[in-house]
Each structure stands twice: as C-alpha cells, then as structure tokens.
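A short write-up of the structure that comes next.
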Amino acid sequence: MKELNPSKLKETLEARADSDIRLWNIGGAAMAVSQHGEQVCGLYRGYKNTETKEPLCPGTIFRLASMTKPVTGLACLIGLERGWFRLDDKVSGYFPAFGKMSVGKLAENGTPVPARAAEKDVLIWHLLTHTSGIVTSDELGLRQDALTPPSVRTSLESAVDYYGKNTYLSFEPGEKTSYSGYAAFDIAARLIEIKSGMRYADFVRKNIFKPLGIADITFAPTNEQWGRMIAMCDRAVNGLVTVNMGSHTFEQCPLSYTCAGASLAGSLEDYLVFAEMLRRGGEYNGARIVSPELVRLMRRPYVPDGTPGLSDTQSWGLGVRVTLRDTVLPAGCFGWSGAYGTHFWVDPENDITAVYMKNMRWFDSHGGGNTGRQFERDVMSALE
C-alpha cells in the first residue's frame, strides 16, 4: 500500500482543473479524495454558472447520470439480503413478458424486427452487468431507444411494461456485453418497488440515504436544492455556454420517472459518503446498509474474459465497473461515471475513495471519459 502526498495531490488537481477551465474543456469541477477514511483533498474550481460567473462551492448539486447505477446495484444487494430474489432468478418469474423475448435485428429500412425466439432467459444478474441484451448501446438497442415514445418514461411501471412487450434483445442474455443505459436497471428497480411495496425513490431514501445521513442525493430535488444545481455547460465556438435543462435531473425524463440508471442528482460531499460506505464494506459511521460479503459480491467481476463486447482492462460488477488490467488503477478498483462528467472509484488496495464532479455535455463520456480518466492519473501520481 502506498500513501497519498496531500500537497502534491492538491497542487496537481488544482493545476489540471485550472488548465481545463482555461482551455474551455470544463466550466468548473469539484473533487474529493479520501484515504483510510480521512479526506486528503477537497477542491472546488471554476464556476457553478459560466455565464453569471457564480463560483462553484460546497453544497452544489450535480446531475449524476449513470452514477445512479451503483445506487441501484446497492438497492439490489439489500433485496438479496432480505431474500426477495436471487441473482440467478429468471426475470420472467417476476415479469412474465420477459419470458417471451425475441432476439432482434434491423430491417433494411432501419426498423427493429424479430429475428428469432431467444433461447436463453434474462436473469437478475444480467440486468446489473450489461449482459441482458435489453435496449443496449449497439445499433439495434440505440434504434429501439430512439423509437421509445416519451409517454413510456413516466414511471418505472410504464417503462418496464413497455420494455417487456415492445423491445427485442440485441443478443442472447449472458453471451455478450453491451451497455444498457436505462432499461435493465429500470427492471431491477421496479422489482425492488414490487417487493418492498414502496416507490423506488422512497426505498433508496429510507434504506440507503437516510441511514447514511445523506440529504443531498435525490431523484426529485426540492426548490432549495434546485437553487444549488450547477448549470449544465456546453462548448461553443468562442467559449462555453449554459444549457437549459429545465426541471429535469436527466435530459427530458420527468421527475415521476425515477430512472434507475440515470436520474439521481447529488452533491460531491454526499456521494463521497456513499462511496466511502462501499469502501468500508457496507457501513459508515455506525450505519450498516448491507453486509461486507454482499459488497464483495458487488465488486467482483461477473463477465468472463473473452466475452464479446468486454473491454480488455475491465469487467462489470453489480452496477459498477471493476478494473482488471488497467494501466492506471490497480486491479480490483470499482466505481463508475456519468454522461455529464461525474466519476468515482474505490481503490481497496490503497484504501482510496475518489469522486469527481462536473456537469458538461462535451469532453466526456461513459467510462470516465477525458476528465475522469485524467483525474485517475492525477490521483495515482500522488502516491508515494
């Protein structure tokens, strides 16, 4: 195990953020790094709003996008612990429409059509590891996503009902991996709703956020929290511009649709608590959310080497990516990113928890993108 040099870390992260701001790569960024449970560095650089020049500050709320997925992964661990389902259960055992799925293809005119009946069942663990084949990020999945009527995404119930009756699998479940941005995680969250008898937002608030003392991660921000929301940023010819996102935590999804893969918003400070709880094996400040055994289950690589679509450097855990042969992070690190530039990971080998927050539509992508990946390099460069 190596130790972080706090002064080197602060100097490196400040210089990187200031350079990115100067080059219009970002409008502002917030960062926090802890080791052994103690915060080593916390920074807020740049602007909450690039037009008004309001500075970024503690308590700012960010749209988390796909950093929602680890929360849903944890919610499913709670369901496992309570005996509500098993990871190898068939999804059709809870949602019968998914027992009649077809593997699809695109017709010559680009219309999704069935190719053949699926031979394998979608299992619960497929939903959390991007191996379900349900509305994935390949050509067929993206086309189906584009054709989904907006009215479908008004609730988890309406979304899951639509996916089971109106979509085709991109591949046999478990035989490939392709990113499922919303659909697979919505199914998992809808199962939590049915088993708990609670709205998904209420379940995660009661069973995850409230015990951890987290008040600033939510599917439906209060008026006060909207006032602390960072302005979405994009790059223009002569600098940066703000983007009017309206009252949406993720694109045009209404707040009634608690999209389990993308709709949370939250602060750097509270997401650090969530991530630190995972590093500690499911417990934080005396509040135990799940057992250490289940957190180890969450962060183990599920998708075997050689699976089509799998990266050479990482695999999927339950709602998280897991590093295998990464050139920057040690094997066994786990975490994930969001489309607007949020990023986090936990490094069990070096006892590190690191979170990066920005909200921008340019210069980033899933998997850490440019700024998230550079954040990893900068943090690891401060180890001595």
> Given the residues TRP336, TRP362, which is the only one that is touching a residue at least 60 places away in the same chain (Cβ under 8 Å), part of a loop (DSSP other than H, G, I, E, B) and not β-branched (Val, Ile, Thr)?
Replying inline: TRP362
> How many residues are in a loop (DSSP other than H, G, I, E, B), hydrophobic (A, V, I, L, M, F, W, C) and touching a Ser or Thr at 6+ places or on another chain (Cβ under 8 Å) if we restrict to region 229-281?
Replying inline: 9
> Name the pairs whose Cβ atoms lie under 6 Å apart, with the first residue in region 207-230 and in contact (Cβ under 8 Å) with a residue 40 or more places away in the chain, the second part of a loop (DSSP other than H, G, I, E, B) and surrounded by fewer than 19 Cβ atoms within 10 Å (Cβ to Cβ), and 6 or more positions between them or separate chains?
Replying inline: ARG228/GLY59
>> Quick check on LEU142: is it closer than 19 Å to VAL113 by Cα, surrounded by fewer than 24 Cβ atoms within 10 Å (Cβ to Cβ) and at pLDDT 95 or above?
In response: yes
> Does region 47-62 contain at least one residue that is within 18 Å of the chain's Cα centre (by Cα), in a strand (DSSP E or B) and closer than 30 Å to LEU212 by Cα?
Replying inline: yes
> Of the residues ARG86, ARG16, which single one is closer than 22 Å to PHE185 by Cα, of a type in the set (D, E, K, R) and modelled with pLDDT of 95 or more?
Replying inline: ARG86
>> Can you tell me which residue is nearest to THR353 (Cα to Cα) among those in region 310-320 that are surrounded by 18 or more Cβ atoms within 10 Å (Cβ to Cβ) and either at pLDDT below 95 or not small (Gly, Ala, Ser) (or both)?
In response: VAL320
> Going by the conditions given, is GLU172 in a helix (DSSP H, G or I), surrounded by fewer than 24 Cβ atoms within 10 Å (Cβ to Cβ) and either touching a residue at least 24 places away in the same chain (Cβ under 8 Å) or acidic (Asp, Glu) (or both)?
Replying inline: no
>> Suppose we filter PHE209, PHE203, PHE219, PHE250 for residues that are under 25 Å from ILE26 (Cβ atoms) and touching a helix residue (DSSP H, G or I) at 6+ places or on another chain (Cβ under 9 Å); which single one remains?
In response: PHE250
> For region 323-364, what are the residues that are over 13 Å from the mean Cα position of the chain (by Cα) and aliphatic (A, V, I, L, M)?
Replying inline: LEU324, VAL328, LEU329, ALA331, VAL346, ILE352, ALA354, MET360
> Would region 110-127 turn up any residue that is at pLDDT below 95, surrounded by fewer than 22 Cβ atoms within 10 Å (Cβ to Cβ) and outside any helix (DSSP H, G or I)?
Replying inline: yes
> Among the candidates ASP305, ASP351, which residue alone is over 23 Å from LEU264 (Cβ atoms) and touching a His at 6+ places or on another chain (Cβ under 9 Å)?
Replying inline: ASP351
>> Taking the condition of being out of contact with any helix residue (DSSP H, G or I) (no Cβ under 6 Å at 6 or more places or on another chain), under 15 Å from ASN166 (Cα atoms) and either β-branched (Val, Ile, Thr) or part of a strand (DSSP E or B) (or both), how many residues in region 79-105 meet it?
In response: 3
>> Consider region 146-189. How many of its residues are among the charged types (D, E, K, R) and either at pLDDT below 95 or touching a strand residue (DSSP E or B) at 6+ places or on another chain (Cβ under 8 Å) (or both)?
In response: 2
> Applying the selection to region 141-169, what residues are among the charged types (D, E, K, R), part of a helix (DSSP H, G or I) and touching a residue at least 40 places away in the same chain (Cβ under 8 Å)?
Replying inline: ASP161, LYS165
>> Test of understanding: among THR307, THR323, which residue is farther than 20 Å from MET67 by Cβ, modelled with pLDDT of 95 or more and of a type in the set (S, T, N, Q)?
In response: THR307
> Given the conditions (1) surrounded by fewer than 20 Cβ atoms within 10 Å (Cβ to Cβ); (2) in contact with a Cys (Cβ under 9 Å, 6 or more places away or on another chain), and given that ARG299 satisfies all but one, which numbered condition is not satisfied?
Replying inline: (1)
>> Among (1) of a type in the set (Lys, Arg); (2) under 19 Å from the mean Cα position of the chain (by Cα); (3) more than 26 Å from LYS210 (Cβ to Cβ), there is one condition ARG86 misses while meeting the rest; what is its number?
In response: (2)
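The values are calculated or read from the model by the stated rules, or taken from the named source; none is laboratory data. What you are looking at is a predicted structure, and each value in this text was computed from that prediction instead of being measured. All Cβ positions, glycine included, derive from the backbone under ideal geometry; neighbour counts span all protein chains shown.
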